[in-house]
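One structure is given here, and the rest of the page talks about it.
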Amino acid sequence: LNAWFLALDMSNPAPFTVNDDATDNATTGIWEKVNPRGTAAQPEDDHSTTNAQCYVTGQTPVNGGLGDNDVDGGKTTLYTGIYDVTGLTNPEIIYYRWFVNDAGGAPSTDPWVTAISNDSGQTWTTVENTLASDYSWKEVRFLISDYVTPSNGIQMRFVARDDAVGSIVEAGIDDFGIRGEVSVSTDVATGEDAAPTRIVLEQNSPNPFNPTTSIRFSLPTAGDVELAVFDLAGRLVRTLEQGRMDEGSHTVTWNGLNDSDREVASGIYFYKLTSGKTKQERKMVLIR
C-alpha cells in the first residue's frame, strides 16, 4: 500500500523552524508562515485549495509592493521537522515551491538551494540548486534513497539568498509531504486473545480506511479506560473513550476528526488503549 506518511498543508502549526544553525544573515525577507500578499514576484495565493497558509520569504506590507520585504542582505533558511521513515518502503518527499530571482537588478544571480539530511541535520546533501525563476507553484518529488539512506533522522531545509545588489528574491514552500509503501496488518485476535480473560485491543477495520473505521477491544472486568489516537510524532489527535466501562467487548468508531472536530490529514496513526497498568497500541492508515 502506498500511502501518505505525512501531509502538511500549513493550515495547522507545522514543526518548521527558521535559522536553526544561527548562520542566517538576511536583513529582510525572513521565512514566515502567512496568507501571502502578492506582488509581481511573491504569490498572492498558496498552493493548497483547503486553506490560505504557506511559508514565504517575508510578508508584503499592507499597500506594499515589489521589493518591500523580499530577501535582502544574505540568506534565510527554513527547516522541516525531523521524521522517522524506517517503517516505509521507497519513501519519497513531495513539496511545492515558489522561487523568483529575476524581477529586479542583477537578475538570475541568486540561487535557490534545498538539501536533505538523514542524521537530524548534522550533514546535508543538496537536492535543488537552481538560478531559474518559476512564477508558479512547482512540484518537487524525489525518492529519499536517491540522495541519502532512509533513516529515523530525515530532515529538509530550504535556502533563499540575496547576494547581489538590487536583486529581488522571493520564495515559498507549501504542501510538504512524505509518501511510502506500508505493510498493514489486518489480522484480528483469535483463540485465547479473543476471550475476555484479559485486555485485548484488536486491529481496526477497515484498515486502511476513509473516512471511518471501527476499533474493537475487550475487558475482562469493569474498569477505567482511555482509548486515544496519536500521530507519528506522539501528539494526541483524538480521545475516543475516557471513563469507566463494563466488562466484555466494546466497539468504538473514529471518523478521522481531531479533538477540534477538524479533519486530519492522510497518514499513519496509532491508537492506544490504557486500562490500569495495561497499555496496548496498534497502527492504522487513513487515506483521503
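Where a number appears in this text, it was derived from the coordinates with a stated rule and is not lab data. Since this is a predicted model, take the numbers as computed values, not measurements. Here Cβ is always computed from backbone atoms with ideal geometry, including for glycine, and neighbour counts include all displayed protein chains.
Points worth noting:
- In region 111-177 the Cα-Cα distances spread across 10 Å bins starting at 0 as 18, 47, 28, 7, 0 percent of all pairs.
- Of the residues Val148, Val285, the one with the fewest other Cβ atoms within 10 Å heads the list, and the complete ranking is Val148, Val285.
- Protection-proxy order for peptides 101-112, 222-233, each taking the mean of Cβ atoms within 10 Å per residue, highest first: 101-112, 222-233
- For region 191-286, the relative contact order comes to 31 percent (Cα pairs under 8 Å, sequence separation of at least 6).
- Here Lys138 is the anchor, and the lysines within straight C-alpha reach of less than 30 Å, apart from those fewer than 8 places off in the same chain, are Lys33, Lys75.
- Label point 7 Å beyond Cα of Ala40 along Cβ direction - residues of region 114-158 with amide nitrogen under 17 Å: 133-136
- Ordering Thr253, Thr213 by the number of other Cβ atoms within 10 Å of each residue's own Cβ, fewest first, gives Thr253, Thr213.
- Each residue, Thr251 and Ala52, gets one label point 7 Å from its Cα in the Cβ direction; the gap between the two is 4.4 nm.
- In summary, the lysines within cross-link reach of Lys283, defined as a Cα separation below 30 angstrom excluding same-chain residues under 8 places away, comprise Lys272.
- For region 191-286, the equivalent ellipsoid derived from the alpha-carbon gyration tensor has semi-axes of 23, 14, 11 Å in decreasing order.
- Counting neighbouring Cβ atoms within 10 Å and putting the fewest first, the residues Asp84, Asp24 line up as Asp84, Asp24.
- Taking 0.36 nm per residue of separation and subtracting the current Cα-Cα distance, fully stretching the chain between Glu281 and Glu241 would add 13.0 nm.
- Taking 7 Å steps out from each Cα toward its Cβ at Ala106 and Asn210 produces label points 4.7 nm apart.
- Positive-end residue, the chain charge dipole about Cα centroid, Cβ charges, pick of Ala26, Ile116, Gly166: Ile116
- Between Glu128 and Arg262, the C-beta separation translates, for a Förster distance of 30 Å, into a calculated FRET efficiency of about 0.40.
- In summary, the chain shows an alpha-carbon radius of gyration equal to 1.21 times the 2.2 N^0.38 Å reference for compact globular proteins.
- Note on the chain: GNM, Cα springs under 10 Å; of Ile30, Ile215, Ile154, the largest mean-square fluctuation is that of Ile215.
- Rounded to the nearest 20, the size of the Cβ-charge dipole of the chain about its Cα centre is 780 debye, with Lys and Arg at +1 and Asp and Glu at -1.
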